[in-house]
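Below: one structure, written as structure tokens.
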């Protein structure tokens, strides 16, 4: 099995678990290196503060704690993986409901993952931040 195939299979299984459990973050923590460059297009925007940049596995725990505190997952599906070398791009869509406002954000999602020695060392997520932020507002 090639590096691309191993990394893609790791993510495919993780995303399936993420969807089936509606947000068990341990699946992501298990594949992270201790030092990871974790980012989001939202970059800590008002209402999305949990998306601020993170630099370690321990910091990423805060990302998932904030996500779980504010949002409920409705669905999360990855439709395609594109892999080259140590990088894998996951393309899909997801739907989340903001717990305080009851508003739902159904959005397209692109996650970019970088692996080194079988562990994730970089992550960046891209999604419609305006739609997500609007769902946080009364």
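Between residue 82 and residue 26, the simple spin-label model (points 7 angstrom out along Cα→Cβ) gives 3.4 nm. Rounded to the nearest 500, the helix-only mean residue ellipticity at 222 nm of the chain stands at -9500 deg cm²/dmol, with each DSSP H run of n ≥ 4 adding -39,500 (n - 2.57). In percent, rounded to a whole number, the relative contact order of the chain is 24, using alpha-carbon pairs under 8 Å and six or more apart. Using all Cα-Cα distances in region 58-124, what percent lands in each 5 angstrom bin from 0 up to the longest? With a bin width of 5 Å, the distribution comes to 4, 15, 18, 21, 21, 13, 6, 2, 0. Once both labels are positioned 7 Å from their Cα atoms along Cα-to-Cβ, the gap between residue 35 and residue 64 label points is 2.2 nm.
Enclosing the Cα atoms of region 3-135 in their convex hull gives a volume equal to 87 cubic angstrom per residue.
Take the Cβ atoms of residue 138 and residue 74, set R0 to 22 Å, and the FRET efficiency comes out at 0.65.
Every number here is computed from the coordinates shown, using simple stated rules; none is lab data. None of the values given here were measured: they were computed from a predicted structure. Backbone-built Cβ (ideal geometry, glycine too); neighbour counts: all protein chains shown.
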